[in-house]
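Encoded as C-alpha cells, the structure appears first; notes follow it.
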Amino acid sequence: MGGGGVGAGGRARLGLGAGHTPGEWRAVGSERPDVAGRVRRCVAVAEAVRALLAGDEVTVDTPDLAAFAARLDEPRPVQDRIPLTLGTANSTLLRWAGAHADVVGLTGFGRTLADGHRHEVRWRADQLDAQLAHVTAGAAGREAPPALEALVQHFAVTDDAEADAAPIAARLGLTVVELLATPFVLIGTADEIGTAVAAHRRRWGVTRFVVRADAVAALAPLLPGLG
C-alpha cells in the first residue's frame, strides 16, 4: 500500500470491505467468520492499516487480528493520509464508515445466497434510506461527512430501459420502477442515465459510482455529460 502511494504519484486510495464471499476467505486459508466476526475483523484491519500508513507502530492481539510491533517504514506513502473507502451494507460498518471513512461505498448487498457469491439485494428506497441513516448517525459531529459511492451492478445504454430492466427486476423480486430508481442500476439512454445520476445526487447524496470492467467502454462516451 505504501508502494501504491509512491507509484501512483499521490493518488492512492485504501479500499476495504468485510469479505462477503466464502471463496475469498478460503483463498487465504480461512473459513468465513459469521457476520459479527467479519465486522470486527474489518474494523480491526481498517484501524491497524490506517495506523501503519500514518507511520505508527501497531500491536493488536485479538481473535480477529494479530500484529506485534508492526511498522511500515518503507516505502512510505506520498500522501500525508491515504483516503479510505469502506464498502458495505452492514449497519454497524455503515455507522463506523460514517464516523471514519472518506468514502462510504454502498453495496446494496443483502443475505448471501446458497452459491456463496450472489446476494439478495437491499435496493428499495426505504432500504437505502435506512442504510444512509446509519451513515448519518456515524458522521454526527464530523466537520465534513464522507462522500457516498454506489456499486453499480447493472449498466446498459438502451432505448428501452423497461424492457432491459424487466428480467433483472423479476429475478430480484423488485418492480421495474423500483429497479430503475435505485443507484445500484444505471439503465437507459444517455440522457436517462444522466437524469438518474442527477436524481441520485439530489435524493441520497450519492456523488460517486463504481461500475464493473465490462461497463467501462459503454460508459466512457457518457462521462462528459455526467459531471
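The values are calculated or read from the model by the stated rules, or taken from the named source; none is laboratory data. Since the model is a prediction, treat every value here as computed from it, not as a measurement. No Cβ is skipped: glycine too gets one built from the backbone with ideal geometry, and neighbour counts run over all protein chains shown. For the accessible areas, the whole protein counts, side chains as well, though only heavy atoms, and no ligand, DNA or RNA atoms are used. Shrake-Rupley method; radii C 1.70, N 1.55, O 1.52, S 1.80 Å.
One residue is enough: does the range 113-127 have a residue meeting the conditions over 26 Å from Arg32 (Cα atoms) and not in a loop (DSSP other than H, G, I, E, B)? Yes, the range 113-127 contains at least one residue that is over 26 Å from Arg32 (Cα atoms) and not in a loop (DSSP other than H, G, I, E, B).
Number of residues in the range 107-130 that are out of contact with any Leu (no Cβ under 6 Å at 6 or more places or on another chain) and buried (at least 20 other Cβ atoms within 10 Å of the Cβ) equals 4. Taking first residues from the range 122-144 that are under 25 Å from Val177 (Cβ atoms) and partners that are among the aromatic types (Phe, Trp, Tyr) and at pLDDT below 95, the Cβ contacts under 8 Å between residues at least 6 apart in sequence or on separate chains come to Arg122/Phe109. Inside the range 68-91, residues that are of a type in the set (A, V, I, L, M), over 29 Å from Arg111 (Cβ atoms) and under 26 Å from the mean Cα position of the chain (by Cα) make up a count of 3.
Just one of the listed residues (Leu219, Leu186, Leu223, Leu148) is under 26 Å from Gly17 (Cβ atoms), in a helix (DSSP H, G or I) and in contact with a strand residue (DSSP E or B) (Cβ under 9 Å, 6 or more places away or on another chain), namely Leu219. Output the residue which, of all residues in the range 1-15 that are open to solvent by less than 40 Å² (accessible area, probe 1.4 Å) and under 21 Å from Ala66 (Cα atoms), is modelled with the highest pLDDT. Filtering the range 1-15 for residues that are open to solvent by less than 40 Å² (accessible area, probe 1.4 Å) and under 21 Å from Ala66 (Cα atoms), the one modelled with the highest pLDDT comes out as Leu14.
Only one of the numbered conditions (1) buried (at least 16 other Cβ atoms within 10 Å of the Cβ); (2) outside any helix (DSSP H, G or I) is violated by Val135, and that is (2). Scanning the range 171-198 for residues that are under 18 Å from Val216 (Cα atoms) and surrounded by fewer than 19 Cβ atoms within 10 Å (Cβ to Cβ) gives Thr189, Ala190, Asp191, Glu192, Gly194. Scanning the range 13-29 for residues being outside any helix (DSSP H, G or I) and farther than 21 Å from Val104 by Cα gives a total of 3.
Residues considered: Val28, Val43, Val35. Of these, the only one that is within 25 Å of Gly141 (Cα to Cα) and among the aliphatic types (A, V, I, L, M) is Val43. The single residue among Ala156, Ala170 that is part of a helix (DSSP H, G or I) and not acidic (Asp, Glu) turns out to be Ala170. Filter the range 37-94 down to the residues that are free of Cβ contacts under 8 Å to residues at least 60 places away in the same chain, touching a Gly at 6+ places or on another chain (Cβ under 8 Å) and under 12 Å from Leu14 (Cα atoms) and list them by number. Within the range 37-94, just Leu53 meets the criteria.
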